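The structure appears right after this line, and notes come after that.
Every read-out reported here was derived from the displayed coordinates using simple, explicitly stated rules and does not represent laboratory data. As the structure is a prediction and not an experimental result, all values here were calculated from the model. Here Cβ is always computed from backbone atoms with ideal geometry, including for glycine, and neighbour counts include all displayed protein chains.
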Amino acid sequence: MAEMDDFIRALPKAELHVHLEGSVEPSTLIELAPSLSLDEILARYAYADFRGFLDSYKWVTSFLRTPGHYALITRRMLDRLHREGVIHAEINISAGVVLWRNQDLDAIFDAVAVEAARHPVTTLFIFDAVRQFGVEAAWAVARRAVAFKDRGVAAFGIGGDELALPIAAFLPVLDYVRAHGLRLTPHAGETGPAASVREAIECGAARIGHGIAAAADPGLMRLLIERRIPLEICLSSNLRTGVVASLDRHPLRTLWDAGVPIVLNSDDPPMFHTTLLAEYALAARHFGFDREMLRQAAANSLCYSFPS
């Protein structure tokens, strides 16, 4: 496996589905909040279901209180990705959570962008709204995303509880950001059904976060292929949130073998006890990806990255 790890590390690749706030290593969290213990953090980084993960994500963000905190976690995340052979990253920033906490999103994004500009890994940003916060909150995120489009914000996403509201409820917001040149990267088909993925496509999605429910609908898989809309697959995330009962039940090979465009990603790496390298290795070890398939997955990550 050491030889395979070296092969994976050497592949030029992009990380297209990674959440900045979900990238905080336990050691960094202790640095930000010395009163925390490692045992407490590890207990929070374990979940019985998707709702448990959302609660833990909210807990982590409560310790990110200043622009300096965001600059630090940006540097740590990009350092790790650089060690893994990543040459480009598209970073989800939970702008909806920042605004919900009444923090200064402009100052926070400025600190993140300045830190990222110093790094050899090229970066773009995705401003994420939170589905369960509703449409008005999404409008606030969308306006800030458009305001920063000339500073590397390339896309608008919707995360959170996929079952809280249908994506069509946000259509005026989505039309607004698309009219201003931003791409759409909603989470869909993670905890929701295949119909959620189809609805996201109808709303103009350029990529789909997760999207694994599409494997249940052959017609939907054909649509993804025809329109060249990739799924951002996050194996460990799906397992640890209980979206799939086991790796044996994960539809990665069903999707890949059907020809659906696939990109491998880490999502919230320390919160799911993984790395991007580990996700590629998992595809090889558990799903039978040979070197050519891994090479293709890495090529996909660059092919489906957004233009700057």
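Worth pointing out:
- About its Cα centre, segment 2-303 has a charge dipole of approximately 460 debye under the convention of +1 per Lys or Arg Cβ and -1 per Asp or Glu Cβ, with nothing else charged.
- With 0.36 nm allotted per residue and the present C-alpha distance subtracted, the E31-R75 stretch has 14.4 nm of extension available.
- Its Kirkwood hydrodynamic radius, worked out from the mean inverse distance over all distinct Cα pairs, puts segment 66-122 at 11.7 Å.
- What the Cβ-Cβ distance of D6 and L171 gives, at R0 = 45 Å and to the nearest 0.05, is a FRET efficiency of 0.45.
- Neighbour net charge for F53 - beta-carbon separation under 9 angstrom, K R +1, D E -1: -1
- Take the Cα of R143, step 7 Å toward its Cβ, do the same at A258, and the gap between the two points is 4.0 nm.
- Residues W59 and R178, FRET efficiency given R0 of 22 Å [Cβ-Cβ distance, rounded to 0.05]: 0.10
- In loop segments of segment 101-186 as defined by DSSP, the trypsin sites (Lys or Arg not before Pro) with at most 13 further C-beta atoms inside 10 Å of their C-beta are R118.
- Kyte-Doolittle at least -0.5, axis length at least 15 Å by Cα - qualifying DSSP helices, the chain: 50-61, 105-117, 135-147, 276-287, 291-303
- Modelled spin labels at V135 and A117, positioned 7 Å past Cα toward Cβ, are 3.7 nm from each other.
- Stretch gain in nm, segment D150-S308, where the contour uses 0.36 nm per residue and the Cα spacing is subtracted: 56.0 nm
- Amide H to amide H distances under 5 Å link G157 with F127, D128, A129, T185, where only residues 5 or more positions off or on other chains count and H is placed in the peptide plane.
- Sequence-separation-based contact order of the chain, relative, with Cα cut under 8 Å and 6+ spacing, percent: 21
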